[in-house]
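In what follows, a structure is listed as structure tokens, so that the remarks can point back to it.
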Amino acid sequence: MNKGKNKKTHVMAGILMAAFVGAFLIIIGRFLYIQVSGEVNGVSLAEWAKQKRTATYYLESERGEILDDQGMVLAYDRAAYRVYAILDESFSGENEDGLKHVKDPEKTAEQLAPLLDLDKSFVLERLKKGMKNESFQVEFGRAGKELSQEKRDEIEKMNIPGINFSEESIRFYPNGMFASHILGYTRAEEIKEEEKKSGQSSVEEITGIAGIEKEMNDHLMGEDGSISFERDKYNRKLLDPNEIIKEPVNGDDIYLTIDQKVQTLLEEVMNEVEESYKPERISAIIMNAKTGEIIAMGNRPSYNPNQPTNVENWYNDVISTPYEPGSTVKMFTWAAAIDAGVYDGEKGFKSGKYRVNERMDMVNDHNGGEGWGTITYDEGFARSSNVAASKIVWEILGTEKYLSYLKAFDFDKKTNIDLPGEVPGQILYNWPMEKITTGFGQGSTMTPIQQIKAASAITNEGKMLEPYVINKIVDPDTDKVIEEKSPKVVGEPISKDTADQVLELLDSVVNSKNGTGRPYKLDDYTVIGKTGTAEIPDPEGNGYLAGESTNIFSFLGMSPKDDPELIMYVSVNQPTLAEGELGSAPVSYIFKSVMENSLHYLDIESDKNVSEPVESLKVPALMDTKTTATKKQLTEEGFKVTVIGKGKTVVDANAAEGDELLANDRLILLTDKPVMPEIRGWSRREVLQLGELLDLNVEFSGTGYVDSQSIEKGKKVKKNDVLKLELKPEVESVEPDEEKSDKKKVKKTDKKKDKKKDKKKDKEEQE
């Protein structure tokens, strides 16, 4: 019995011994294999060790700049800082970068939170959570990013252990809301999250979201570089670090066709109208009639691309919002008939009402269908007759021929402007009534950019130009031009003779006694163009909105008359009008202010033989100069000078030394004994400059020029006094320097000769 037991024990011991020896041999074999091959499961141990020892840091490339046509920077990368806290205890001592870890999270949170405008509990929670998860470092959300140099210095002075900074770039737009729908904006998107493990804060990539930033993102963004080296556990370079450097490639610079001064003027005037009239929308665009270059473009509401939050309107309405345009389309309706050889401008027709047959709706002229009796088709264009347009489409030209011209003007397609988000209008042309109403701008939809592109055929001898906003693309490191645009003819919908005849018709709209565009006349240039009053479809589907201000009022104008250099389109959607005020008031205010000054600034010769052309003047040194001598010198040099007060010394002015003003810009000199001047006839911009000089709180009602002021001329003013002003589109101004003859008056705009016009006349001018 014992003998059997011993035998069994020996057998089991042998088995165990064999198993142990086998396992030992396998392990030894595995170790020998690893030693010889240097691999584990196909992974090279040498490479793995090298990877663990290697730290990689990304070298951020600079995003390209966006500049105007003169090289003024409109968007660029600005240095900013991001704060983070080192938690890794391996940093208990200083390394070569001087970094330490957070030792006391409670004290760290107490010191750091107020500097970042955060709650202490939020900072403390971040620190404790990071420590619990054994994170190398933690950040503090949006509040810890995009810090200024001043804020960084303020935090560094506290010498908080473990608190450090990384430099980053943020996109900056120095002019704020300026051309925001053209420039667009960017968003920083976090990438390469694994870099936190190697001791680097999270990396972000700036991506264009709208406008040029989106359209040209691939050119602007460049390519990041990197630097990698082997390190020890304290993040210090080894003696032989195997350092590899890949240099970053900066993004390309984008030069626009936008002129900063014209764009600034447009922005300011749109702001005034937005504040005074509270419209739903404003859109405006100025194009070089000879090239297709967009000189200025804007919309309201707008936004500041530096802070793209709570934005009311993301869309660039000029290119993205089609709507029924109204009577501006009539210039293309008449152009089609003239070009087809079927138009007789001297032929008469019965205005007022028109119906093809009993099954179709009645077409009414804009004065309630009353019309003007039997008039010629030329006069019908000047008066903006819907009946004339309908008869041209249905009876004279024919609907199919008219459709071919609409397509020749590219109203059925995009303009291919180099901006993202363009949406073309739609030609609504299924039923007879739709074909007729398209002739006077109802039913079919268009965008402002489509209309201004089509108008280029009229101003450019029948050749239609493609609009564009990008002038050239430049490599910032070599200044080499990568790509440069030039004018592009994309169609010839009408002949030169037709274009010339349409220019004459457009002249009658503004400059004849029956024209609807008389409010758009300029002082020094002859304007031609076409007015529009578009109805707005009821969202409930019940026809069109009713009411005096429930329209889109617009004007598509060109100047100078015989050889237009600029084309400008302005539309104001549902402005709040005063009783009896015409819809043309806010539109004409924008058009006249911007067009007149732009023509002068661009040094376009006047076609009205103005004796003294307006030129750009450079402001000399003004501070602490003698008032009388300075005023005399400036006046002799051509400045329009207004002196505030009776002081002997100039203490401030609305322009600094070196600034350039147009000769018709007001230069305000503040003396050491200021009093309130006479400001009747001043523009809103001039008054705001005066208010800044005198530290006044200015309140406006209306739009246009000052008609009355709450603080009388000659009265002393104190800081923060309230100056209330009533503005009107047309007033007479009293020049404040004409003390000896206050009754001497200068007309600011063409004064209405008959202020008691009947409702019929008002309706005509509104159309």
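The values are calculated or read from the model by the stated rules, or taken from the named source; none is laboratory data. Since the model is a prediction, treat every value here as computed from it, not as a measurement. Quick reminder, even Gly has a Cβ in these numbers, built from the backbone with ideal geometry, and neighbours come from all protein chains shown.
Within region 143-172, the residues that satisfy the criterion of being aliphatic (A, V, I, L, M) and either in a loop (DSSP other than H, G, I, E, B) or over 17 Å from residue 188 (Cβ atoms) (or both) are 155, 158, 160, 163.
Surrounded by 16 or more Cβ atoms within 10 Å (Cβ to Cβ) and part of a loop (DSSP other than H, G, I, E, B): is that true of residue 526 in this structure? In short, yes.
Given 743, 757, 718, which one is in a loop (DSSP other than H, G, I, E, B), modelled with pLDDT under 85 and surrounded by fewer than 11 Cβ atoms within 10 Å (Cβ to Cβ)?
On the way: 757 fails: surrounded by fewer than 11 Cβ atoms within 10 Å (Cβ to Cβ); 718 fails: modelled with pLDDT under 85.
Only one candidate qualifies: 743.
I'm trying to understand the selection: among the residues of region 114-170, which are among the polar types (S, T, N, Q), surrounded by fewer than 17 Cβ atoms within 10 Å (Cβ to Cβ) and over 27 Å from residue 77 (Cβ atoms)? 121, 133, 159, listed by residue number. Looking across region 176-209, the residues that are surrounded by 19 or more Cβ atoms within 10 Å (Cβ to Cβ), over 10 Å from the mean Cα position of the chain (by Cα) and at pLDDT 85 or above come down to 186, 208. Close contacts from region 100-122, counting a first residue that is in the same structural domain as residue 84 (by TED's automatic domain parsing) and farther than 13 Å from residue 140 by Cβ and a second that is part of a loop (DSSP other than H, G, I, E, B) and not hydrophobic (A, V, I, L, M, F, W, C), with Cβ to Cβ under 6 Å and a gap of 6+ residues or different chains, come to 100/161; 100/162; 101/88; 101/162; 103/161.
For region 365-423, give me the residue count where each residue is among the β-branched types (Val, Ile, Thr) and under 30 Å from residue 184 (Cα atoms). Residues flagged as among the β-branched types (Val, Ile, Thr) and under 30 Å from residue 184 (Cα atoms) within region 365-423 amount to 3. Evaluation of residue 628 against the conditions (1) at pLDDT 85 or above; (2) in a loop (DSSP other than H, G, I, E, B); (3) in the same structural domain as residue 717 (by TED's automatic domain parsing) shows that the sole unmet condition is (2). Pairing residues of region 138-167 that are on the phi > 0 side of the Ramachandran plot with residues that are surrounded by 12 or more Cβ atoms within 10 Å (Cβ to Cβ) and assigned to a strand (DSSP E or B), at Cβ distances under 6 Å and at least 6 apart in sequence or on separate chains, gives 146/80; 146/170; 162/85; 162/86. If you go through region 361-391 and keep only what is of a type in the set (A, V, I, L, M), over 15 Å from residue 442 (Cα atoms) and more than 38 Å from the chain's Cα centre (by Cα), you end up with just 375.
Going by the structure shown, is residue 549 at pLDDT 95 or above, over 30 Å from residue 221 (Cβ atoms) and hydroxyl-bearing (Ser, Thr, Tyr)? The answer is no for residue 549.
Figure legend. Inter-residue proximity from region 393-420: first residues assigned by TED's automatic domain parsing to the domain that holds residue 328, second residues assigned to a helix (DSSP H, G or I) and of a type in the set (Asp, Glu), beta-carbon distance below 8 Å, spacing 6+ or different chains. Indicated pairs: 405/339; 418/215; 419/215; 420/215. All of 588, 559 fail the test of being assigned by TED's automatic domain parsing to the domain that holds residue 508, touching a Ser or Thr at 6+ places or on another chain (Cβ under 8 Å), small (Gly, Ala, Ser) and surrounded by 14 or more Cβ atoms within 10 Å (Cβ to Cβ), apart from 559.
Residue check: is residue 540 over 21 Å from residue 329 (Cα atoms), touching a residue at least 24 places away in the same chain (Cβ under 8 Å) and assigned by TED's automatic domain parsing to the domain that holds residue 525? Against the criterion (over 21 Å from residue 329 (Cα atoms), touching a residue at least 24 places away in the same chain (Cβ under 8 Å) and assigned by TED's automatic domain parsing to the domain that holds residue 525), residue 540 does not qualify. Quick one: is residue 263 among the polar types (S, T, N, Q), outside any strand (DSSP E or B) and crowded, with 22+ Cβ neighbours inside 10 Å? Criteria met by residue 263. Look at (1) touching a strand residue (DSSP E or B) at 6+ places or on another chain (Cβ under 8 Å); (2) over 15 Å from residue 334 (Cβ atoms) and you find that residue 443 fails only one, number (1).
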